[in-house]
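Enquirer: Got a structure for you, written out below as structure tokens; questions coming shortly.
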Amino acid sequence: MKDINKKNILYLFATLIQILLFIGAFVLNYFTRRRMGMARYVLYKNRNWENTYPVEEIQTAFTAGLIILSILLILFFYKNKKRLSRKALYETAGVFILSGLWIGFKMLNTTQSIGAYYFILLVLGAAAVIQILKAAVRIMIELRDQKR
């Protein structure tokens, strides 16, 4: 009983973090467009990050890693599809959706079109990684419970 409660609490906590990340992305974008001080700060940070870090290489590496992890998780799900529940299917679909959202946002936008571009990429990337972890844990727990 305690094990089930811990799993549910951790799952709800991860979901809450994802929801807060999406709200944060919306708020960042909203205030970047509405408040000049926020727009200046975001512009300053964008230029600072572009001058300090190899941003394009980091984005390319993260995109490749996200695609590889998503494909591996989806293949692992389909390999064990008959032994898994609908919840695992929904988690895997969430991986596909959030990874696609991150990649689509990266491909369709730039710092010129959306001021908080790098901030939103960080937030969406974190949400996608959390979703991958949630789906992987769900699948592993269900497969482990069937072996018992």
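Enquirer: Please order Met38, Met140, Met107 by the number of other Cβ within 10 Å, starting at the fewest. Could the numbers behind the result be given before it?
Expert: Values: Met38 17, Met140 13, Met107 9.
Neighbour counts put them in this order, fewest first: Met107, Met140, Met38.
Enquirer: For a 26 Å ceiling on Cα separation, which of these pairs sit above it: Lys7/Lys81; Lys45/Lys134; Lys81/Lys134; Lys79/Lys106?
Expert: Lys45/Lys134; Lys79/Lys106
Enquirer: Taking the Cβ-Cβ separation of Arg144 and Ile19 as r and a Förster radius of 30 Å, what is the calculated FRET efficiency to the nearest 0.05?
Expert: 0.65
Enquirer: 7 Å from Cα along Cα→Cβ at both Ala126 and Arg33: what's the point-to-point distance in nm?
Expert: The answer from the label model is 2.2 nm.
Enquirer: Choose one answer from Gln112, Gln59, Gln131: the residue with the largest mean-square fluctuation in a GNM of the chain with alpha-carbon springs under 10 Å.
Expert: Gln112
Enquirer: If you take every residue apart from Val95 with its C-beta less than 14 Å away from the C-beta of Val95, what net charge results, scoring Lys and Arg +1 and Asp and Glu -1?
Expert: Value of the local net charge: +2.
All of the numbers you see were taken from the coordinates with simple rules; none came from a lab. This structure is a prediction, so every number in the text was calculated from the model and none was measured. Cβ sites come from the backbone with ideal geometry, for glycine too, and all protein chains shown count toward neighbours.
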